[in-house]
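J.: Following this message is one structure expressed as structure tokens.
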Amino acid sequence: MSYSNYIVYVDESGDHGLDRINPQYPVFTLCFCIVEKGDYLNRTVPAMQTLKFAFWGHDCVVLHAHDIRKARGDFSILLNPTIRERFLAEVNSFIANTRFTIIASVIDKQRLAQRYAHPANPYEVALEFCLERLQRWLTEHHAATDTTFVIVERRGQKEDDALELEFRRIAAGKNAVGAMPNLDIRFMDKRHNSTGLQLADLAAHPIGRHVMNPQQPNRAFDVLEPKFRRSAAGKVSGYGLKTFP
């Protein structure tokens, strides 16, 4: 088996349930971060380790956007406004200087539930959109013939089994692009301290917030915006960011 030069890290923001929709965050965001393996090994991983050593003196901390926003656990140091400002600036600098491509899908759950009598699972909808665009990106970069792994955070055996089944259905041809035999999925526990999963975690929430309210100041999204996949004309919507419905 030959492997591509790329690997994809995936994270989500919001839950994909439709029974109880949070009016404060009524969207589900799925974010793919595509990284080139050599650059990931030589630049991205060392840069994140350097950031962790600077603020905690060790690299055991797992960056989690929700805990950062709440300043809890290891991130209680962010209750100090000076440290918080410096930390967020360093995180934004890390993201700005990291080479990766974003493909994301944001599902408006309220609209989905209102428009369809039997709405599909938002996670499955977002996954299909992202995989289609990932395959097109790999084709554009002459990397669609070798195996590319899509790395997803473990959530639980039942959830992981359901996700893997849907992933393989989509890759087998249940999509607008066709069969994707070059794509494979792997699950990783966040406790493994994967730099790539943490990168995707940091990216997902600001994207969802931007789609909910594009006019609201969003410094994190401003840093992420240049990373989106674009058309030849520079268009992001429909290429690097798919919103639905």
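J.: Can you order the peptides 120-131, 94-105 by their average number of other Cβ atoms within 10 Å per residue, highest first?
T.: Descending mean neighbour count gives 120-131, 94-105.
J.: Can you pull the percent of Cα pairs in the chain with separation above 31 Å?
T.: Value for the chain: 21 percent of Cα pairs lie more than 31 Å apart.
J.: Residue separation times 0.36 nm, minus the C-alpha to C-alpha distance between Q24 and R136: what's the value?
T.: Details: separation 112, 0.36 × 112 = 40.32 nm, distance 3.35 nm.
Fully extending the segment from Q24 to R136 adds 37.0 nm.
J.: With a Förster radius of 25 Å, plug the Cβ-Cβ distance of R191 and T50 into 1/(1 + (r/R0)^6) and report the FRET value to the nearest 0.05.
T.: Details: r = 21 Å, r/R0 = 0.84.
Computed FRET efficiency for R191 and T50: 0.75.
J.: Next question. Could you rank the peptides 140-153, 192-205 by their average count of other C-beta atoms within 10 Å per residue, with the highest value first? Spell out each step's value before the answer.
T.: Details: 140-153: 16.4, 192-205: 22.0.
Highest mean packing first, the order is 192-205, 140-153.
J.: Moving on to the next point. Sort out for me the Cα centre separation of the range 159-195 from the range 204-219, rounded to whole Å.
T.: Taking the Cα centre of each part, the range 159-195 and the range 204-219 sit 27 Å apart.
J.: Cα atoms only: what Rg and Dmax, in Å, come out for the range 101-150?
T.: Answer for the range 101-150, Rg first and Dmax second: 14.0, 41 Å.
J.: Let me ask something else. What do you get for Rg/Rh of the range 193-245 when both radii come from the Cα atoms and Rh is the Kirkwood radius?
T.: 0.99
J.: Over the range 150-209, with a single point scatterer placed on each C-alpha, what log10 of the ratio I(q)/I(0) does the Debye formula yield at q = 0.13, 0.14 1/Å?
T.: Each listed q corresponds, in turn, to -0.43, -0.50.
J.: Once you compute Rg and the Kirkwood Rh from C-alpha atoms, what is the Rg to Rh ratio for the range 39-112?
T.: On the way: Rg = 14.8 Å, Rh = 14.1 Å.
My calculation of the ratio gives 1.05.
J.: Determine, for K227, K235, K190, the number of other Cβ atoms within 10 Å of each Cβ, and report the residues in order from fewest to most.
T.: K235, K190, K227
J.: Separate question: Exposure proxy check: I207, I107 ranked by fewest other beta carbons within 10 Å?
T.: I207, I107
J.: Moving on to the next point. Tell me what the chain gives for mean residue ellipticity at 222 nm when only DSSP H runs of n ≥ 4 count, each as -39,500 (n - 2.57), the sum divided by the residue total, rounded to 500 deg cm²/dmol. Could you put the intermediate results ahead of the total?
T.: On the way: 8 runs with 100 residues, N = 245.
Result for the chain: -13000 deg cm²/dmol, rounded to the nearest 500.
Taken together, the values in this text are just the output of simple stated rules run on the coordinates, not laboratory data. The structure displayed is predicted, hence computed values, not measured ones. Note that each Cβ is placed from the backbone with ideal geometry, even for glycine, and that neighbours are counted across all protein chains shown.
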